[in-house]
Amino acid sequence: MKYYAGILAGGIGSRMENANIPKQFLELNNIPIFIYTIRAFLNVEGIEHIFLAMNKNWIDYSCQELKKHEIPSHKVSMIEGGTTRFDTLCILAQQVTDLDPEAILISHDCARPFVSTRIIMDNMMYIQDYDMVTTSIPTIDTMLLSHDGKRSNTVPDRSTLYADQGPQSFQASTFIKLVNNLTSLEKENYIEAGRIYLKNHLSVGIVKGSRKNFKITNDIDLYMANAILNMETDSLSVIFGSGNWI
């Protein structure tokens with residue numbers, strides 16, 4: 001079984017205040033966020049190749065950054081992303097399908113730079129037993145369900161709720177077949193891959209995520225990411241514990 005990584009990096013980071021470039025290019029300790037994410041996958045044995053799906057207006061800039069930070073071109077390729085996250089996911093899946101119809105795509109948001117080797121390898125292992133796997137963590141907050149955003153309609157049992165993170169892994173060719181059965185309207189309502197598998201009564205396994213594997217979306221997240229990088233390893237162990245944090 002062959003594994004390919006697909007990094008979704010086509011967003012423009014509209015929720016990041018005071019940023020004049022997409023968030024994936026913002027720097028943590030003088031290194032762009034998306035470079036950290038790529039390096040996380042480069043560190044994992046068994047991944048054939050990494051595809052970086054980028055907004056077409058930023059491809060040239062991205063190539064410059066890849067060269068600047070010595071990312072090996074024989075291991076990482078740049079492709080043009082779609083107009084939506086789901087479009088980009090489909091483009092990545094088709095790219096892998098064209099290479100090998102049996103191959104697995106491990107898809108991941110570039111704005112989650114702290115994904116661990118353990119999480120990636122668990123994706124590679126778990127996908128052997130499920131039609132698709134997703135990386136999630138149990139929610140630690142009480143969750144409300146509201147139909148209008150003004151009034152709480154119900155409080156679900158927290159023990160049954162998980163916060164989805166990524167990566168998500170699946171056989172690329174099967175994903176393409178499922179997508180081809182969707183109407184144009186249905187495609188507009190999809191963001192990630194899990195729901196389409198559940199709709200078709202296929203199995204979706206859960207890989208244990210990590211609270212460190214958070215998505216950098218706004219200024220507070222950027223502050224937290226910098227804090228993590230600047231904290232000493234011993235301090236992290238004392239505060240978070242080696243098992244729960246990483």
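Annotations for the structure displayed:
- For the stretch 159-231, taking the reciprocal of the average inverse distance between every pair of different Cα atoms yields a Kirkwood hydrodynamic radius of 15.0 Å.
- Here the accessible area of the chain is 50 percent carbon and sulfur, with a 1.4 angstrom probe and all protein chains present.
- Per-residue Karplus couplings for the stretch 70-84, computed as 6.51 cos²θ - 1.76 cosθ + 1.60 with θ equal to phi - 60°, are listed in order as 6, 7, x, 5, 6, 10, 10, 10, 9, 10, 7, x, x, 7, 10 Hz, Gly and Pro entered as x.
- Based on alpha carbons, the Rg and Dmax found for the chain are 18.1, 53 Å.
- Considering helices alone, the calculated mean residue ellipticity of the chain at 222 nm is -10000 deg cm²/dmol, with DSSP H runs of length four and up weighted by -39500 (n - 2.57) and normalised per residue.
- Hz values of 3J(HN,Hα) by residue in the stretch 32-40 - Karplus curve (6.51, -1.76, 1.60), Gly and Pro given as x: x, 3, 5, 5, 4, 5, 4, 4, 4
- Structure note, pairs Lys187/Lys215; Lys177/Lys215; Lys2/Lys208; Lys56/Lys215; Lys2/Lys177; Lys23/Lys199: Cα-Cα distances above 26 angstrom occur for Lys177/Lys215; Lys23/Lys199.
- Antiparallel beta bridges, as assigned by DSSP with both residues in the chain, represent about 35 percent of the total such bridges.
- Annotation: per residue accessible area for the stretch 147-196 equals 64 Å², rounded to a whole number [probe 1.4 Å, protein chains only].
- Pairwise label distance in nanometres, Ser184 with Tyr61, each label 7 Å out on the Cα-Cβ vector: 3.2
The values are calculated or read from the model by the stated rules, or taken from the named source; none is laboratory data. Every value quoted in this text rests on a predicted model; they were computed, and no experiment measured them. Don't worry about glycine lacking a Cβ; one is built from the backbone with ideal geometry, like all the others, and counts go over all protein chains shown. Calculation scope for accessible area: heavy atoms of the full protein, side chains included, ligands and nucleic acids excluded. Shrake-Rupley method; radii C 1.70, N 1.55, O 1.52, S 1.80 Å.
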